[in-house]
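To start, I am sharing the structure in question, which I have written as structure tokens.
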Amino acid sequence: MGTLDHKTALVSGASSGIGEAIARALAAEGARLILVARRERELQRVAADLPGAIALALDVRDASKLVSALAPHAVDIAVANAGLARGLEPLHSGDPADWAEMIDTNVKGLLHVVRAVAPGMIERKRGDIVLIGSVAGRQAYPGGNVYCATKAAVKSLYESMRLDFFDKGIRVSTVDPGMVKTDFSDVRFRGDRERAAKVYAGVDFLTPADIADIVRFVVTRPRNVNIGEVVVWSKDQASATQVARRG
Ligand code: NDP
Ligand code: 8X3
């Protein structure tokens, strides 16, 4: 018996990294998973390990497809995790197309996920919404500009969602990690693996499983408990800009 038996959990960005680990952790508690991301093959790889999981190859930027694909499902737990960074340039040399991609995915995509599941939760008077923010939303760092702003927006939306949903049986949480070793920096630097590897070099970084364990804890508390904001650092990271490196 798991604590999430008979629950349906949606995880966006479940095709890799933190989202994949969250999906696996919630499935281990008995939840039936709905996995959302764009790369179907990666989603199928994850779904193959999770009995009863449904893979929806979708872009969270497409609100109407998300709403219609999720309409047949009663989602008890939604983890809005899909997100990305592009580039690390100062604003005066940044690419507006990169800004649009980050804002559309990290802010509007997250809103689309919540908009798709919240009406059903309100009808059932019960639900859990977990946002994956970032320490980058609490402290800006050089070149982080638009990415940091999108994560600051996630923190603000977390506060708004609590106000919108607190009297409707829905718990809202934000889990805000520091450096986690995933494909995040490969994506940010568009496949420049050498540059991406330097981000994590010599650091006892967080793992996706560390974050998944926290999300699992958040959604398995007794119903009277709502863990609001969780900020998670690697022990080697003091702030967005201060990281102890060995070697
Ligand atoms: P990954 O690159 O490993 O995972 C990102 C996930 O988001 C993938 O599953 C990707 O799937 C999905 N995704 C991206 N864009 C879209 C889209 N338009 N529609 C649907 N899915 C999308 O990185 P992480 O696991 O590190 O990132 C997960 C979240 O954690 C992000 O929100 C990130 O900002 C946040 N975060 C990461 C930290 C880190 O240090 N790694 C620290 C703090 C927060 P696909 O490409 O298949 O669509
Ligand atoms: C991802 C963590 O510090 O690389 O949100 O931006 S950081």
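The values are calculated or read from the model by the stated rules, or taken from the named source; none is laboratory data. None of the values given here were measured: they were computed from a predicted structure. Every residue, glycine among them, receives a Cβ derived from its backbone with ideal geometry; neighbour counts consider all protein chains shown. Keep in mind that these areas ignore ligands, DNA and RNA; they rest on the heavy atoms of the full protein, side chains included. Shrake-Rupley method; radii C 1.70, N 1.55, O 1.52, S 1.80 Å.
Using a probe of 1.4 angstrom, how much of the accessible area of the chain is carbon and sulfur, in percent?
Exposed carbon and sulfur together represent 54 percent of the surface.
What full-extension length gain, to one decimal in nm, is calculated for R41 and D5 as 0.36 nm per residue of separation minus the Cα-Cα distance? Write down the numbers at each step before the final one.
Working: separation 36, 0.36 × 36 = 12.96 nm, distance 2.69 nm.
In short, 10.3 nm is gained.
For the chain, with every protein chain kept in place, what is the accessible area per residue (1.4 Å probe, Å²)?
Working: 11480 Å² over 247 residues.
I get 46 Å² per residue for this part.
Order 105-111, 177-183, 39-45 from most to least packed using the mean count of other Cβ atoms within 10 Å.
Details: 105-111: 22.1, 177-183: 20.3, 39-45: 14.7.
Descending packing order for the listed peptides: 105-111, 177-183, 39-45.
Need one number: convex hull volume per residue for region 1-97, Cα atoms only, in Å³.
Values: hull volume 10.5 nm³, N = 97.
Expressed per residue, the convex hull around the Cα atoms of region 1-97 is 109 Å³.
Hey, another quick one. Kindly provide the pair-distance distribution of region 160-247 built from C-alpha pairs, with 10 Å bins from 0 and whole-percent values in order of increasing distance.
15, 36, 27, 17, 5, 0
Please compute the alpha carbon radius of gyration of the chain, then divide it by the globular-protein estimate 2.2 N^0.38 Å. Two decimals is fine. Don't skip to the end; give the middle numbers.
Values: Rg = 17.3 Å, N = 247, 2.2 N^0.38 = 17.9 Å.
For the chain, the normalised Cα radius of gyration comes out at 0.97.
Give me the three principal axis extents of region 203-247 from the C-alpha atoms, as integers in angstrom, largest value leading.
Cα spread of region 203-247 along its principal axes, largest to smallest: 45, 18, 10 Å.
Looking at the chain, send over the antiparallel percent of its DSSP beta bridges, to the nearest 5. Let's see the in-between values first.
Working: 1 of 28 bridges.
Of the beta bridges lying entirely in the chain, close to 5 percent run antiparallel.
Out of S160, V67, G17, whose Cα points farthest toward the positive end of the dipole of the chain (charges: +1 Lys, Arg; -1 Asp, Glu; placed on Cβ)?
S160
Determine the alpha carbon to alpha carbon distance for each of K65/K168; K181/K235; K7/K65; K108/K151 and list only those over 20 Å. Before the final figure, lay out each step's value.
On the way: K65/K168 26 Å; K181/K235 14 Å; K7/K65 23 Å; K108/K151 12 Å.
Those over the limit are K65/K168; K7/K65.
For D164 and W233, calculate 0.36 nm times their separation in residues minus their Cα-Cα distance, and state this gained length in nm to one decimal. Mind showing how you got there, number by number?
Working: separation 69, 0.36 × 69 = 24.84 nm, distance 2.89 nm.
Contour length minus the Cα-Cα distance gives 22.0 nm.
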